[in-house]
1. As I understand it, the value is the acute angle between the Cα axis of helix 347-358 and the longest principal axis of the Cα atoms of the chain; what does it come to in degrees, rounded to 10?
2. Let me spell out the model: positive unit charges on the Cβ of Lys and Arg, negative unit charges on the Cβ of Asp and Glu, origin at the Cα centre of segment 102-162. What dipole size does that give, in debye rounded to 20?
3. I'd like to compare 453-462, 145-154, 320-329: which one has the highest average count of other Cβ atoms within 10 Å, and what's the full order after that?
4. Once the cut-off is 33 Å, how many percent of the Cα-Cα pairs in the chain end up in the long-distance tail?
5. Only counting other Cβ atoms within 10 Å, I'd like Val304, Val432 sorted with the fewest neighbours first.
6. Pairs of Cα atoms under 8 Å, at least six residues apart: use those to get the relative contact order of the chain, whole percent.
7. What whole-number volume per residue, in cubic angstrom, does the convex hull of the C-alpha atoms of segment 330-471 give?
8. If contacts are Cα pairs under 8 angstrom and at least 6 residues apart, what is the relative contact order of segment 381-494 in percent?
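What follows draws every value from the coordinates through simple rules; no lab data is involved. This one's a predicted model, so the numbers in the text were calculated from it and none came from an experiment. Because the Cβ atoms are built from the backbone with ideal geometry, glycine has one as well, and the counts that use them run over all protein chains shown.
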Amino acid sequence: MRVLLVQPPRRYWPYTSEGDNFLLQQALPALGAVVRDEGHEVRIVDCMPLHVGWRSLFDIIRDYAPDVIGCGENHALYCNEALRFFRLCKEAAPDAVTVAGGGHFTNLAHRYVHNPDIDVIGIGEGEETFAAICNAVAGGSRPPESGWDDIHGIAFARDGEMIRTTPRRLIKDLDTIPMPAYDQMPMHLYGTSRYLFSPGGSTLHHSRGCVSKCSFCAWWTTMADRSYDADGNAKLRPRWRSKSVDKMMDEVEELYYRYGKRSYVWVDESWNIDPKFNQGFSRRMIDSGMKTKWMTFMRADCIVRDHERGILADQVKAGLAHILIGVERAEDDTLTGLDKRFYTGGIAEKAISIFKENFPEVFIQATFIVGVKNESQDTLARQVELAQKLDVDFPAFHPITPVPGTPIFDDALANGHITMEDFDDFDWLSPVLDTDYMTRDEISMELYRMNKKFVNPRWILRGLTSKVDYKRDMYIWFAKVSAQMAAGAIKKKLSPLDVSHYQALVKPAWYDA
């Protein structure tokens with residue numbers, strides 16, 4: 001039986017140039033490996049690095065004639081392109097069973113289960129569920145036949161009703177998952193920038209899920225323990241799991257020696273939860289002699305803990321070159337309101353100071369959320385003041401976005417602040433919610449002014465003159481892309497100061513080809 005997995009064509013963020021830094025989507029090779037182990041033929045098409053447009057993709061689907069087609073989406077921003085893909089599938093391969101997955105379809109299964117182009121939705125963690133779907137189709141069954149009620153972790157429509165089966169238990173031992181099917185991916189096309197995540201950057205992960213449930217974040221929900229109450233409402237409990245050090249070393253060695261990957265973007269929600277893994281993996285990497293550079297998303301409280309235990313130094317020595325910390329807010333009461341209590345008391349500031357004082361070679365990126373319900377000019381000023389005090393390499397200010405699966409989404413939808421048609425604006429660059437004191441347009445202009453305070457010639461010069469290769473390359477890349485965007489604005493007869501130009505998604509030239 002033939003199985004096709006696809007990431008369809010996308011528009012891209014302005015600072016995600018199509019020519020230099022598309023990175024591997026982890027779900028594709030992970031699902032492909034599991035289905036292949038079940039004895040099915042698998043083909044994976046990642047349209048972005050391959051520059052496969054919609055017309056070419058139609059031909060690929062039609063010619064391959066798959067029995068099952070899978071596509072997942074975590075970003076609300078790209079849901080309409082995913083839906084366009086499923087419409088294309090029904091035209092190119094009308095007999096194929098179409099499977100939607102990922103965080104967006106998991107959290108809004110009730111919205112999409114009646115879509116005529118989607119036969120079944122996989123809810124939550126995907127490997128075992130997708131394998132079960134493929135095996136059922138190989139056995140001659142199709143949804144909504146009665147046997148599909150016994151497949152855990154799916155939703156489908158039958159006679160106009162939504163059928164949601166028993167939630168699938170999360171995989172207890174991540175070491176049981178096979179090596180991702182990297183051989184099915186265009187590995188030579190990922191991370192091709194001269195400066196960003198080079199040479200040949202790739203994603204990978206050692207853990208899934210999170211130990212927290214911040215109210216603005218939906219990333220943890222896909223990998224949460226899941227149940228439903230009598231009214232069908234999902235009840236989620238955060239869950240975090242990790243592969244063993246041995247398993248992770250096997251994957252790194254595969255990327256390093258077989259595919260020449262030396263720079264890694266870890267896509268774990270929180271890389272540094274377990275100090276035993278942090279220390280064990282770091283020491284194995286040091287002993288291996290592999291020379292790598294990593295970017296990780298780290299919890300500030302765990303940074304402080306690891307430094308106090310003497311573990312953090314090994315992580316840096318092993319390859320940690322770039323950290324991203326979600327500082328988010330200057331006010332403890334707002335952090336508490338966002339269910340991020342573990343960041344109160346200045347813990348993020350302490351973590352950042354540890355790196356600046358002890359490991360100045362590490363590139364520090366910090367995110368700040370703006371546009372919370374009580375946002376005003378005064379609270380924005382406090383955000384700027386905190387960012388100036390922290391003085392990290394790159395402070396990123398993002399408008400709060402009501403992502404499906406979060407309490408913020410439920411509240412915004414219930415109160416009429418957004419509709420289900422607004423997902424094209426959910427780019428984490430464009431404000432989509434008014435606050436009690438500011439409109440979206442006002443927040444957008446303030447975001448531009450805030451960024452201008454930090455991203456300026458003095459900031460660029462500091463980075464370009466850094467003695468650390470990784471830092472210098474990051475600043476070169478940023479300066480290069482910013483200059484290209486400003487030139488593009490002028491070419492379109494726009495002002496380089498036009499905020500919308502830097503927020504609007506870009507359609508690649510090959511998008512419709």
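1. With rounding to tens, the tilt is 70 degrees.
2. So the dipole magnitude of segment 102-162 works out to roughly 160 debye.
3. 320-329, 145-154, 453-462
4. Numbers: 52867 of 131328 pairs.
Cα-Cα pairs of the chain separated by over 33 Å account for 40 percent.
5. The fewest-first ordering by Cβ neighbours comes to Val304, Val432.
6. 15 percent
7. Value for segment 330-471: 129 Å³ per residue.
8. Numbers: 64 pairs, mean separation 21.3, N = 114.
Taking the mean separation of contacting Cα pairs over the length of segment 381-494, I get 19 percent.
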